[in-house]
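In what follows, a single structure is set out as structure tokens and then discussed.
The values are calculated or read from the model by the stated rules, or taken from the named source; none is laboratory data. On a predicted model such as this, the values are computed, not experimentally measured, just so you know. With ideal geometry, Cβ positions are generated from the backbone for all residues, glycine too; neighbour counts draw on all protein chains shown. The protein model used for the area step is the full one, side chains on, heavy atoms only, and it has no ligands, DNA or RNA in it. Shrake-Rupley method; radii C 1.70, N 1.55, O 1.52, S 1.80 Å.
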Amino acid sequence: MRVTILGAGAVACGAAAQLSVMGHDPILWSPSGRSTATLAAGASLRATGAFETCFHPRIAGSAEEAVAGADVVMLAMPGYAHKLAFDAIAPHLREGQPVIISSHASFGALYLARLLAARKIRVPIIAWGTTLTTGRKASPTEVAVNSLRSKIDLATVPESASTEALALCSSLFGERFVPREGLLAIALSNLNPQNHLAIALFNLTRMERGERWGQAENVTPAVGRVMEALDAERLAIATAFGVGVRTIHEHYAFSYQLPVASIAEMNAELHGRGKGGFGPTTLESRYVLEDAPYGLLPTVLLGRLVGRPATLHEAGLTLLSSAYGRDFTGENDLLPALNFSSMNREELERRARGGY
């Protein structure tokens, strides 16, 4: 299949590499074109680490070109770029053309569904709870893939498209997808914001000083306990909504093939295997700039809707805002565009099932 990937960072390039391994035809689109300039000039893209391949992805010059030639469109950009990407592709999507969001953030699937409803068209919007790969861009032409996840949660808007979406994603990326109980389950399945909150907050000086530090190595028992406490808040909100989500321990076990233990012990095992990765070396990290407004804030708001206050999430959001000297609660552009603050629980659940 011809799959357009919106984005050209580590997640996008990792997905493109796996698509190439699976025999598909990946196309990359970067809004500015800067990240794909070398590839557009003819350079190959190399993936190393969890799997290795070298290939020549095609490069789209515009959003219209990216959408027009695709069997599937996949968004693999940071949360703060999702609205920009949705606004760019919505005028060009055709009836029934699948869109995958990797990974879903801040009810972006509903925002896209509303844009398309204004055009009186519907497409299956497929929301993933996390990304296919973890890793980093080593250069404009090389992606270091740290891990290829064995399980990825999936839901669709509308929910009736779930069976077809599961078959599509499996044909593209292999048998690794688990259907969940709708978009609300996916909204509460992304553990990156809570995990990155604890990791970033307790290593903020390392980030600010540009130090090189092992991430899993520094999930000490104290940091691990905070991650588990954050997880308990998320699980309580999911229970109140009546949806099932994986625990942080299950997430680590499935993502990294680890035996279940405390989070500190699982990270120590990951570090011992040489797969613990490295933490951010700058304050300008998605661990905060993306995950605070687009991950922590939605969890806080969902907790309020069902009377399960996410006090630790909210405290972390406040602390990060103070440390950065900015208000991360005001930096989310998707929730205001959806008038999320005016939604009650019943409307949110209805939209999550059927869209607009």
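Some values worked out for this structure:
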item: Given the chain, longest segment not containing exposed loop GluC sites (Glu not before Pro) (DSSP; at most 11 other Cβ within 10 Å); result: 176-283
item: Accessible heavy-atom area order of T134, T4, highest first, probe of 1.4 Å; result: T134, T4
item: Within the chain, helix-based [θ] at 222 nm, where runs of 4 or more DSSP H residues each add -39,500 (n - 2.57), nearest 500; result: -12500 deg cm²/dmol
item: Filtered trypsin sites (Lys or Arg not before Pro), the range 138-228: DSSP coil and at most 11 other beta carbons within 10 Å; result: R212
item: Total charge dipole magnitude, the chain, about the Cα centre, Cβ charges on Lys, Arg, Asp, Glu only, Debye to nearest 20; result: 260 debye
item: The range 203-341, relative contact order in percent, only Cα pairs under 8 angstrom and at least six apart counted; result: 29 percent
item: Amide H within-cut-off set for R58, under 5 Å, with H built and near neighbours excluded; result: L28
item: Mean separation of Cα contacts under 8 Å, 6 or more apart, over the residue count of the range 51-167: relative contact order %; result: 20 percent
item: Low-density loop positions, trypsin sites (Lys or Arg not before Pro), the range 245-316 - DSSP coil, at most 16 other Cβ in 10 Å; result: R273
item: Accessible surface of the range 196-269, 1.4 Å probe, proportion on carbon and sulfur as whole %; result: 53 percent
item: Surface share of carbon and sulfur [accessible, 1.4 angstrom probe, percent] for the range 1-154; result: 51 percent
item: For mean projected area of the Cα convex hull in nm², calculated from these coordinates, the label among (i) 15.9; (ii) 17.9; (iii) 20.3; result: (i)
item: The chain - percent relative contact order, Cα under 8 Å, separation 6 or more; result: 16 percent
item: Accessible area per residue, Å², the chain with all protein chains present, probe 1.4 Å; result: 39 Å²
item: Cross-link reach list, aspartates and glutamates versus K120, counting only Cα pairs under 16 Å and skipping chain neighbours closer than eight places; result: D87, E95
item: Over 21 Å between alpha carbons, listed pairs K83/K151; K83/K275; K137/K275; result: K83/K151; K83/K275
item: For the chain, with +1 on Lys and Arg beta carbons and -1 on Asp and Glu, the positive-most of L312, T134, I59 along the dipole; result: I59
item: Shape metrics for the range 134-189, restricted to C-alpha atoms - Rg then Dmax, Å; result: 14.0, 41
